[in-house]
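Engineer: Once you've had a glance at the structure underneath, I'll fire off some questions.
The values are calculated or read from the model by the stated rules, or taken from the named source; none is laboratory data. In this text the structure is predicted, and so the values were computed from the model without any measurement. Cβ coordinates were reconstructed from backbone atoms using ideal geometry, including for glycine residues, and neighbour counts include every protein chain displayed. Note: accessible area is taken over every heavy atom of the protein model, side chains too, but ligands, DNA and RNA are not part of it. Shrake-Rupley method; radii C 1.70, N 1.55, O 1.52, S 1.80 Å.
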Amino acid sequence: MEIKVSSSYIDVKYINLISTSLEKFKQNHTNLWNFRCPICGDSQKNQNKRRGFIYEKANKYFYRCHNCDYGTSFNKFLEKVNPSLHKEYITERYKEKQSEPTSIIPKFNFTPKFNHVLQGLSTIDSLSDKHPAKFYLRKRKIPEKYFNKLYYCTKFKEWTNKIIPNKFQSLKQDTPRLVIPFFDGDNNIIGYQGRSFDPKDQCKYITIKLQGVDNLIYGQERINNNKTQYCVEGPLDSLFLPNCLAIAGLNFKGLTVKNVIVLDNEKRNKQIKEALHKLIMTGYSVCIWPDNIKEKDINDMIMSGKTTGDIVDVIDNNTYSGLHADFQLSRWSKC
Ligand SMILES: [Zn+2]
């Protein structure tokens, strides 16, 4: 039987050695250390904030700051914050004939700690038929099979402040909102959107990204990677299409190029035009709505009587990439 000697003890030794020069250093548990980030200096307002973490993944050690988002191997971190100690570290590792730590930085799995946050909220499913939130979703023809994935919150800002202290300084106009949770592929909650029921509300959507989350993409938990994947602008719109993701705002970070991007039908919207152009240049296939489609988004198309099948047909027949897409984009935005 082959016995592998753990390489981690040198790292742990140097984590302890460097700890004296790290502000507010504390060991949270066996393989998690927390302190003020020496890269960005951490919060200047709050001297007690500690957002730098050293953590372990597969017997290797990494650094990440939740304030500046700097992330690297422990090796690189040590080199940056204490070059002379780093030299000793390298020598000691060399003596142990160890290879360099991997350059691929695994994701620090922060999210499970938030998985309880929806507890205490009511699913739309569980509300009485007369409840205005349920009434609203039915009016918008949102498929009822998703009513157990959507929540109702009476005081959105107050609730969010319990999850992220001081997220909202003021609780003025703290109205009820529909809560649309975002999950990763492992069903961990990564963020959520609060949608106002009041059409006059200035902030129709409030998007919350949970700590440690890089890419806020909606629908990841139910996507099939072997089938055509669509991606639309709004989470609620995505519920009408098969195998569909949604982004929050026009932020496409983390989306793979195999997604067919379906943005709203707003040819006068400069941001949408620019986003489409950028996506085409990056190699995405995009839907350029034909002139006979007048509705501005998928929900409106459903409201005006189109079926999911009708809409998928339109999308599939009007999806372009490369030069062809650029040509269609200029045609679309001119008429
Ligand atoms: Zn930092």
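Engineer: Report the one residue of Leu263, Ile142, Ser84 whose Cα lies farthest in the direction of the positive end of the charge dipole of the chain (charges on C-beta: Lys and Arg +1, Asp and Glu -1; origin at the Cα centre).
Structural biologist: About the Cα centre, the residue reaching furthest to the positive side is Ser84.
Engineer: When each pair of different Cα atoms in the range 21-84 is counted once in the 1/r mean, what is the Kirkwood radius in angstroms, to one decimal?
Structural biologist: For the range 21-84, inverting the mean 1/r across all distinct Cα pairs yields 11.8 Å.
Engineer: About its Cα centre, how strong a charge dipole does the chain have in debye, to the nearest 20, once Lys and Arg get +1 and Asp and Glu get -1 at the Cβ?
Structural biologist: Dipole about the Cα centre, nearest 20: 860 debye.
Engineer: May I pose another question? Please calculate how many Å² of accessible area the range 144-185 carries per residue, with a 1.4 Å probe and no DNA, RNA or ligand atoms counted.
Structural biologist: Values: 2340 Å² over 42 residues.
Using a 1.4 Å probe on heavy atoms only, each residue of the range 144-185 averages 56 Å².
Engineer: Now a separate question. Please state the charge dipole magnitude for the range 173-275, taken about the Cα centre, from unit charges on C-beta atoms (+1 on K and R, -1 on D and E), reported in debye and rounded to the nearest 20.
Structural biologist: Values: 13 positive and 12 negative charges, 67 e Å.
With Lys and Arg at +1 and Asp and Glu at -1, about 320 debye.
Engineer: By what distance, in whole Å, do the Cα atoms of the range 210-263 stretch along each of the three principal axes, largest value first?
Structural biologist: Computed over the range 210-263, the largest-to-smallest principal extents equal 30, 21, 18 Å.
Engineer: Of Ser321, Ser170, Ser126, which has the largest mean-square fluctuation in a 10 Å C-alpha GNM of the chain?
Structural biologist: Answer for the Gaussian network model of the chain: Ser170.
Engineer: State the percentage of accessible surface on the chain attributable to carbon and sulfur atoms; use a 1.4 Å probe and exclude ligands, DNA and RNA.
Structural biologist: 50 percent
Engineer: Let me ask another. Keeping every protein chain present and rolling a 1.4 Å probe, give me the accessible area per residue for the range 196-279 in Å².
Structural biologist: Ligands and nucleic acids excluded, the result is 49 Å² per residue.
Engineer: With +1 on each Lys and Arg Cβ and -1 on each Asp and Glu Cβ, and nothing else charged, work out how big the dipole of the range 244-335 is about its Cα centre, in Debye to the nearest 20.
Structural biologist: Around 380 debye, computed over the range 244-335.
Engineer: Determine, from the Cβ-Cβ distance of Glu266 and Lys145 and an R0 of 30 Å, the FRET efficiency 1/(1 + (r/R0)^6), rounded to the nearest 0.05.
Structural biologist: 0.60
Engineer: Over the range 184-335, what is the percentage of antiparallel beta bridges among all DSSP beta bridges, to the nearest 5?
Structural biologist: 50 percent
Engineer: Report, as a whole number in µm² per second, the diffusion coefficient that Stokes-Einstein gives for the chain at 20 °C and 1.002 mPa s using the Kirkwood radius over alpha carbon pairs.
Structural biologist: 93 µm²/s
Engineer: Farthest toward the dipole's positive end in the chain, which of Asn225, Phe240, Gly309, given Cβ charges of +1 (Lys, Arg) and -1 (Asp, Glu) about the Cα centre?
Structural biologist: Working it through, the farthest residue towards the positive pole turns out to be Phe240.
Engineer: Can you list the lysines whose alpha carbon is less than 21 Å from that of Lys130, not counting same-chain residues fewer than 8 positions off?
Structural biologist: Excluding near neighbours in sequence, the set is Lys139, Lys141, Lys145, Lys149, Lys155.
Engineer: Where both partners of a DSSP beta bridge lie in the chain, what percent of those bridges are antiparallel, to the nearest 5? Present the calculation step by step, with values, prior to reporting the outcome.
Structural biologist: On the way: 37 of 46 bridges.
Percentage antiparallel, nearest 5: 80.
Engineer: Give me a comma-separated list of calculated 3J(HN,Hα) values for the range 242-255, in order, Karplus coefficients 6.51, -1.76, 1.60 applied at θ = phi - 60°, integers in Hz, x for any Gly or Pro.
Structural biologist: x, 6, 10, 9, 9, 9, 10, x, 9, 10, 9, 4, x, 8
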